Number of protein chains: 2
Amino acid sequence: MLVEGVHFRLEAIDPLELGRRALAISTSDIAAMGGSPTFALTSLALPPDTPLSTTDRLYRGIRDGARRFGVSVVGGNVARTQGPVTLDVTLLGAVPRDELVLRSGAQVGDLLLVTGVLGEATARRLLLEQRKGEAAAESNEDEDGGVVPEPRIALARAIASRQLAHAMIDLSDGLAGDVRHLARASGVGAVIDEENLPVSVRARRAAERLGLDFRELALNGGEDYELLIALPEDRLSEAREAAGEVPLFVVGTVVAPEHGILVERFGGARDPLPEGGWSHF
Amino acid sequence: MLVEGVHFRLEAIDPLELGRRALAISTSDIAAMGGSPTFALTSLALPPDTPLSTTDRLYRGIRDGARRFGVSVVGGNVARTQGPVTLDVTLLGAVPRDELVLRSGAQVGDLLLVTGVLGEATARRLLLEQRKGEAAAESNEDEDGGVVPEPRIALARAIASRQLAHAMIDLSDGLAGDVRHLARASGVGAVIDEENLPVSVRARRAAERLGLDFRELALNGGEDYELLIALPEDRLSEAREAAGEVPLFVVGTVVAPEHGILVERFGGARDPLPEGGWSHF
């Protein structure tokens with residue numbers, strides 16, 4: 001469910017992108033269970049003064065997204081609201097029963113992997129906001145910002161169909177938040193190795209420019225829609241083979257529940273992982 | 001999708017009833033296709049200051065409704081909003097392929113039936129509002145008002161499994177609005193026989209007290225969640241048998257599309273059916 005003023009601002013996003021984005025986000029969730037998306041239902045609450053062009057472009061974006069992911073939009077609803085534009089996408093998916101991957105299956109000793117660099121989406125957004133704050137509209141830097149995430153469908157299917165993973169989750173809230181979700185659901189603890197967090201040079205520079213610690217950005221930056229995968233160490237090379245050109249970064253390990261969720265600092269000290277993460281609520 | 005201030009007011013409805021109601025409304029839609037409800041996903045946008053008791057009772061109502069209709073709630077979402085409480089229920093249903101009834105199958109010559117008296121829900125609501133306006137809080141009259149509709153699941157299944165109907169739709173907007181939906185989808189016209197509109201004595205009295213024409217109430221009163229059924233005349237007695245104790249009232253006929261949507265007045269004059277109906281938007 002995407003709510004204007006909370007998850008997007010209509011001044012800042014083309015409704016076409018918003019529609020595509022909504023489909024991509026839900027698809028990422030299906031992919032993280034090893035599934036393929038099939039049918040979508042879209043509900044939309046609109047203020048009476050919404051321009052027709054907004055609705056038009058929003059539905060076009062939804063259609064675009066559906067086509068891209070092989071989804072049929074089979075139903076939905078439009079309602080009036082006195083409040084913000086609210087878009088709810090329900091997406092169904094299918095997965096062979098023995099290839100289903102839950103977030104609850106992680107086991108002590110598993111490695112924790114992520115499928116790409118972290119903090120990119122947040123760095124991009126923060127830079128964009130800063131730049132707009134400076135009214136530097138003449139900036140030449142790339143601004144389209146890739147607001148539509150690229151869910152890891154093929155990779156997730158490759159991992160799931162080979163039954164390599166004990167657990168998966170997609171990174172919507174940021175690694176710190178989502179590793180907590182996975183650990184809680186699995187009844188385990190986790191150690192995140194701060195030194196091994198994959199961060200792009202671009203995001204590192206962005207963090208510097210924004211006065212942020214890049215590790216902080218990698219841990220708490222949300223909306224990357226990469227996968228967090230828990231698998232036994234002896235399946236790592238198979239997983240890397242299945243992943244093909246997508247990098248798999250080892251970012252931590254699953255430990256016994258009594259350890260809680262820890263972060264291992266450079267030098268080996270372990271601290272409780274600070275709460276944080278990007279909250280949808 | 002139910003939006004506070006448009007479809008309900010939190011001052012006027014117990015969130016428990018709202019949850020039950022949401023499940024019932026969607027179930028009615030599934031029933032009108034001949035199906036049985038199976039799985040639900042519920043999304044909820046809440047202002048940050050929503051009391052926990054509201055959320056609690058709302059979810060309890062959803063659970064109640066799900067249990068009542070044999071539905072499993074399998075997913076959903078909670079989001080923050082700066083606007084009104086917004087509840088979106090997505091309900092899946094199942095129907096044997098050859099028992100599926102669409103709103104698009106009505107044929108010229110079909111009878112149009114409804115499964116109960118019309119205008120009840122609206123009469124009840126208007127009376128309640130009037131009474132509250134008069135601050136007659138000490139009134140002894142029944143006020144619970146049956147805000148949770150009783151979807152015609154068993155009847156719809158009986159009709160569908162015998163393949164008696166060409167088309168069905170549930171009456172959420174009111175007969176005038178929904179006969180228009182059915183006719184448009186089927187590419188036909190329709191004549192509604194005003195004299196045969198089934199109205200309870202209670203609703204008739206309510207209309208009188210409210211200074212309304214009871215025919216108007218029957219045509220445009222929404223939220224009755226009765227079924228509108230189009231079937232060939234030679235299946236009527238079978239349909240009545242299938243319906244058991246539920247009355248089937250013949251309220252009109254399907255005619256060629258060039259006639260449009262008409263209402264036949266007492267005496268036989270035919271007028272275009274006025275637009276109207278309770279709009280969800």
**Asked** Tell me, which longest segment in chain A has none of the GluC sites (Glu not before Pro) that fall in DSSP loops with at most 10 further Cβ atoms within 10 Å?
**Response** A:12-133
**Asked** Sorted from fewest to most neighbouring beta carbons within 10 Å, what does the list B:Val95, A:Val85, A:Val74, B:Val179 look like?
**Response** A:Val74, B:Val95, A:Val85, B:Val179
**Complete:** Amide H neighbours of A:Val255 at under 5 Å, excluding residues fewer than 5 places away on the same chain, with H built from the backbone geometry, are A:Gly109, A:Gly189, A:Ala190, A:Val191
**Prompt:** So what is the calculated 222 nm ellipticity per residue for chain B, using -39500 (n - 2.57) for each DSSP H run with n of 4 or more, over all residues, to the nearest 500 deg cm²/dmol?
**Reply:** -10500 deg cm²/dmol
**Asked** Running Debye on segment B:62-109 with equal point scatterers at the Cα sites and no solvent, what base-10 log of I(q)/I(0) appears at q = 0.21 Å⁻¹?
**Response** -0.92
**Asked** Of B:Leu273, A:Leu248, how do they rank once you tally other Cβ atoms within 10 Å and put the fewest first?
**Response** A:Leu248, B:Leu273
**Request:** Just round it to a whole percent: the fraction of Cα-Cα distances in segment B:1-99 exceeding 19 Å.
**Result:** 39 percent
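Using Cα-Cα distances under 8 Å and only pairs 6 or more residues apart, what relative contact order does segment B:1-85 have, in percent?
Numbers: 112 pairs, mean separation 36.4, N = 85.
After rounding, I find 43 percent.
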**Message:** Springs between alpha-carbon pairs under 10 angstrom, Gaussian network model over chain A: which of A:Ser53, A:Ser200, A:Ser72 fluctuates most?
**Reply:** A:Ser53
**Complete:** Largest-first semi-axes in Å of the equivalent ellipsoid built from the Cα gyration tensor of segment A:191-281 are 23, 19, 13
**Item:** DSSP-assigned coil residues among chymotrypsin sites (Phe, Trp or Tyr not before Pro) in segment A:164-273, each with at most 11 further Cβ atoms within 10 Å
**Value:** A:Phe266
**Message:** Can you tell me what percent of all Cα-Cα pairs in chain A are more than 34 Å apart?
**Reply:** 22 percent
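I need the fraction of alpha carbon pairs in the protein assembly as shown separated by more than 46 Å, rounded to a whole percent.
25 percent
I'd like the chymotrypsin sites (Phe, Trp or Tyr not before Pro) in segment B:33-84 restricted to DSSP loop residues with at most 12 other Cβ atoms within 10 Å, sorted by number.
Sites meeting the loop and neighbour criteria: none at all.
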**Item:** Cα-centred dipole magnitude for segment B:1-146, charges only on beta-carbon of K, R (+1) and D, E (-1), debye, nearest 20
**Value:** 480 debye
**Complete:** In this structure, the FRET efficiency calculated for A:Glu208 and A:Arg97 from their beta-carbon separation, with R0 = 41 Å, to the nearest 0.05, is 0.30
**Item:** Charge-dipole axis of the protein assembly as shown as Lys and Arg at +1 and Asp and Glu at -1 on Cβ define it, positive-most pick from A:Val251, A:Phe8, A:Gly19
**Value:** A:Val251
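No value in this document is a laboratory result; all are computed from the given coordinates. Treat the numbers as computed from the prediction; the structure is a model and nothing was measured. As a convention, Cβ positions derive from the backbone with ideal geometry for all residues, glycine included, and neighbour counts pool all protein chains shown.
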